[in-house]
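Everything below concerns the one structure shown next.
Each reported figure results from applying straightforward, stated rules to the coordinates on display, with no laboratory input. Here the structure is a predicted model, which is why all the values come from computation and not from measurement. Neighbour counts run over all protein chains shown; Cβ positions are idealised from the backbone, glycine included.
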Amino acid sequence: MEHRHLGRTGLRVSRLGLGTLTWGRNTGERDAADQLKTFWNAGGSLVDTADVYADGGAEYLLGRLIEDLVPRSDLVIATKAGSVPDPDRRFDTSRGHLLSALDASLQRLGTDYVDLWQVHAFDPGTPLDETLQALDIAVSSGRARYVGVSNFCGWQLAKAATWQLAGSGRTALASTQMEYSLLQRGVEREVLPAAMDLGLGLLPSSPLGRGVLTGKYRGGTPQDSRGGSEDMAPFVAPYLDDTAGLIVDAVAIAADGLAVSPLHVALAWVRDRPGVTAPLLGARNAQQLTAALSVEALTLPEEICLALDDVSAPLHRYPDHDWSTL
């Protein structure tokens with residue numbers, strides 16, 4: 001698998017990453033082990049998790065596997081902190097909470113450091129400079145090698161990245177993790193331009209539109225799919241409308257013309273977008289993951305990219321476009 005630099009850093013990661021959202025919850029130890037071994041054998045290195053996935057179970061499971069199955073030195077482990085199970089406060093990015101959460105993550109993962117530590121979301125209840133100071137402390141103490149953010153909108157990302165670049169001794173942000181696919185191109189409005197200008201790599205989550213872009217929902221909702229499960233159905237539902245259906249149809253037509261699967265077309269499209277470092281794959285089992293990883297040999301023809309761009313184009317007007325053309 002090809003590797004890319006994460007933003008303007010020296011850290012190189014595989015251009016496809018392995019996500020662990022369902023590990024320890026819907027994905028058991030055997031399936032997780034098969035996925036990790038499959039990913040590693042394919043040359044993958046970037047594995048993304050978070051302290052809230054399965055209430056810490058995903059990190060714990062990953063920690064067990066890197067101890068017995070895959071060498072720690074072969075992986076780039078990324079985790080996140082800042083989301084909290086509190087109905088009155090969804091996010092806590094105070095310095096105290098973040099550093100305590102990092103220590104807990106390291107214990108579950110069974111490692112002295114993480115390669116990439118990310119703030120899971122913006123917290124309006126905490127001064128941003130306090131949040132960012134926690135990232136500096138994590139790096140200076142050796143507990144994190146690189147730092148980034150997740151789910152920051154354009155102005156939040158630009159403010160955070162600029163703050164880090166402006167002060168001596170601060171650690172520059174390496175990445176931002178955001179949902180990005182043919183069904184969700186909102187990051188192109190402000191987040192992606194800011195990330196590219198400030199030197200951050202984009203790590204797209206849900207690059208297959210929460211599974212919808214595989215075409216599996218074109219004839220209904222399979223019972224064994226995320227959309228067919230009680231806990232994940234609300235996660236998939238926003239991408240099952242008529243607009244999404246037109247995009248999925250276009251992906252299927254392109255796939256037929258190239259003699260590949262819709263999964264490959266959708267994944268290759270987002271993987272090769274400007275500013276993208278590595279889409280994060282969430283698979284149910286090793287067979288699904290193997291199918292996704294086989295996209296490595298595919299580069300979409302320019303005319304197909306343009307056609308997909310056109311059919312999925314979001315409506316961006318003032319002030320994103322030149323006002324003089326309005």
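At-a-glance table
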quantity	calculated
Selection from 270, 313, 300, by position along the positive dipole direction of the range 249-326 (Cβ)	270
Charge dipole magnitude, Cβ of K and R +1, D and E -1 - the chain, Cα centre, debye nearest 20	460
Span-rule helices in the chain, defined as complete DSSP H runs reaching 15 Å or more along the axis (Cα) with Kyte mean at least 1.0	242-258
Placed amide H near residue 17: partners under 5 Å, 5+ positions off or other chain	280, 281
Spatial extent of the range 26-144: Rg and Dmax, with the Cα atoms as the point set, Å	14.7, 43
Lys, Arg +1 and Asp, Glu -1 on Cβ, resulting dipole of the range 29-83 about Cα centre, debye, nearest 20	120
Residue 246 versus residue 233: modelled label distance in nm, points set 7 Å from Cα along the beta carbon direction	2.8
Of 106, 178, 93, farthest towards positive along the dipole that unit charges on Lys, Arg, Asp, Glu beta carbons give the chain	106
Equivalent-ellipsoid semi-axes of the range 175-326, from the Cα gyration tensor, Å, largest first	25, 17, 17
Longest DSSP-loop-exposure-free segment, GluC sites (Glu not before Pro), the chain, at most 16 other Cβ within 10 Å	3-229
Built amide H within the under 5 Å cut-off of residue 150, gap 5+	119, 121, 177
Dimensions (Å) - the chain, Cα atoms, principal axes, largest first	57, 53, 40
Point-to-point label distance, residue 104-residue 29, nm (Cα→Cβ direction, 7 Å offset)	2.2
Phi-based couplings in Hz for the range 81-87 (Karplus 6.51, -1.76, 1.60; Gly and Pro marked x)	8, x, 7, 9, x, 10, x
Mean Cβ count within 10 Å, highest first, over the residues of peptides 262-270, 307-315, 249-257	262-270, 249-257, 307-315
Extension gain, residue 309 back to residue 256 (0.36 nm per residue minus Cα-Cα distance, nm)	17.3 nm
